[in-house]
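What follows is a short report on a single structure.
The values are calculated or read from the model by the stated rules, or taken from the named source; none is laboratory data. For clarity, every value in this text was computed on a predicted model and none was experimentally measured. Using ideal geometry, Cβ is built from the backbone for each residue, glycine included, and neighbour counts are taken over all protein chains shown. Quick note on the areas: whole protein, heavy atoms, side chains included, nothing else; ligands and nucleic acids left out. Shrake-Rupley method; radii C 1.70, N 1.55, O 1.52, S 1.80 Å.
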Amino acid sequence: MTATSARPATANAVAAQPAEAERRRRRLPFSPWHLLLAPLALVFAVPLVWLVLSSVMSNAEINRFPPALWPSGIDLGGYRYVLGNAMFPRWFVNSLIVSAVTVAANLVFGSLAGYAFARMRFAGSRVLMGLMLATMAVPFQLTMIPTFLVMKKLGLIDTLGALIVPSLVTPFAVFLLRQFFLSLPRELEEAAWIDGCSRLRVLWRIVLPLSRPALATVAVLTFLTTWNDLTWPLIAINHDTQYTLQLGLTTFQGQHHTQWAAVMAGNVITVLPVLLAFLGAQKTFIQSITSSGLKG
């Protein structure tokens, strides 16, 4: 009698859960988490909004104390100063070249290495994977001097090659793609092998088309890291014709006088490609991370 009476009670409780969820949806047309995430999003957006507002202020208005929270008028002097600088387009092209080559190289080499670690078993594969992941824990400050010496031996200092070669492949790209490849069913690849496809053809025809979320994530994160890098270009580049955008923007800041309006306008132009790239690929991030086993 007790077991029999418990079953209807359990069934009623299970049936009541969707009804309760439906009542909550009627009260709130969105997830309750949005009540917490929306204010946090506004807090994180404040620096970007302040950057845009400051870029249309004059230098006097930016330097005023207490600082102005809203521009009294739209002053495009900072943008005219930046775009009128003869070197700024060159810096933009340099950053674009370095970022594009680095992204392409990470997609190619990261895919090859990630697929090898995911599907091929060879002597020392686990040891090599562990050593590669261990390098992610080494701070750049410990490796920048050896990297500089290697680039000097190769004759790449003060060239764009010095910014590209050290970042041709990163451990993060290899690891993320490996994890995503492990989540793909082996049956698809085995069917292709039976049909006579080589490993490279299987990778190109089957694996990579299914891995677009992971490839997009690697591309965007690599682009963001390379585009925003300042420390390594500051060490490896001396001539202003080889400057990247981040390095070129430092020339607007002097010891006694700083063109703050130009700095703000230049940062708006610099942030815009990264923002567009992130907005264009944001839908792939969650799919890639959940499929690659990087969940917390």
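In table form, for the structure just shown:
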{"item": "Subset of region 31-60 [among the hydroxyl-bearing types (Ser, Thr, Tyr) and over 25 Å from the mean Cα position of the chain (by Cα)]", "result": "SER31, SER54, SER58"}
{"item": "Pair list, Cβ < 6 Å and 6+ apart or interchain, from region 112-133 residues that are part of a helix (DSSP H, G or I) to residues that are open to solvent by less than 20 Å² (accessible area, probe 1.4 Å) and β-branched (Val, Ile, Thr)", "result": "ALA113/VAL174; GLY114/VAL174"}
{"item": "Hits in region 177-186 (condition: of a type outside the set (D, E, K, R), farther than 18 Å from ALA105 by Cα and in a helix (DSSP H, G or I))", "result": "GLN179, PHE180, PHE181, LEU182, SER183"}
{"item": "Selected residue (criterion: nearest to ASP158 (Cα to Cα)) from residues of region 187-237 that are assigned to a loop (DSSP other than H, G, I, E, B) and among the polar types (S, T, N, Q)", "result": "ASN228"}
{"item": "Qualifying residue in region 92-99 (condition: at pLDDT 85 or above, touching a Ser or Thr at 6+ places or on another chain (Cβ under 8 Å), under 30 Å from ASN228 (Cβ atoms) and not in a helix (DSSP H, G or I))", "result": "no"}
{"item": "Of residues in region 154-168 being free of Cβ contacts under 8 Å to residues at least 24 places away in the same chain and part of a helix (DSSP H, G or I), the one nearest to LEU245 (Cα to Cα)", "result": "GLY161"}
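Residues are listed down the side, and each one gets a yes or a no for (1) more than 22 Å from LEU275 (Cβ to Cβ); (2) surrounded by fewer than 20 Cβ atoms within 10 Å (Cβ to Cβ); (3) free of Cβ contacts under 8 Å to residues at least 60 places away in the same chain; (4) of a type in the set (Lys, Arg):
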site: GLU187; (1), (2), (3), (4): yes, yes, yes, no
site: TRP193; (1), (2), (3), (4): yes, yes, yes, no
site: VAL202; (1), (2), (3), (4): yes, no, yes, no
site: PRO209; (1), (2), (3), (4): yes, yes, yes, no
site: PHE223; (1), (2), (3), (4): no, no, no, no
site: ASN228; (1), (2), (3), (4): no, yes, yes, no
site: PRO233; (1), (2), (3), (4): no, no, no, no
site: ILE237; (1), (2), (3), (4): yes, no, no, no
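Listed here are the residues, each with its yes/no results for (1) open to solvent by 80 Å² or more (accessible area, probe 1.4 Å); (2) touching a Leu at 6+ places or on another chain (Cβ under 7 Å); (3) among the aromatic types (Phe, Trp, Tyr).
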site	(1), (2), (3)
PHE109	yes, yes, yes
GLY114	no, yes, no
ARG121	yes, no, no
ARG126	yes, no, no
MET132	no, no, no
LYS152	yes, no, no
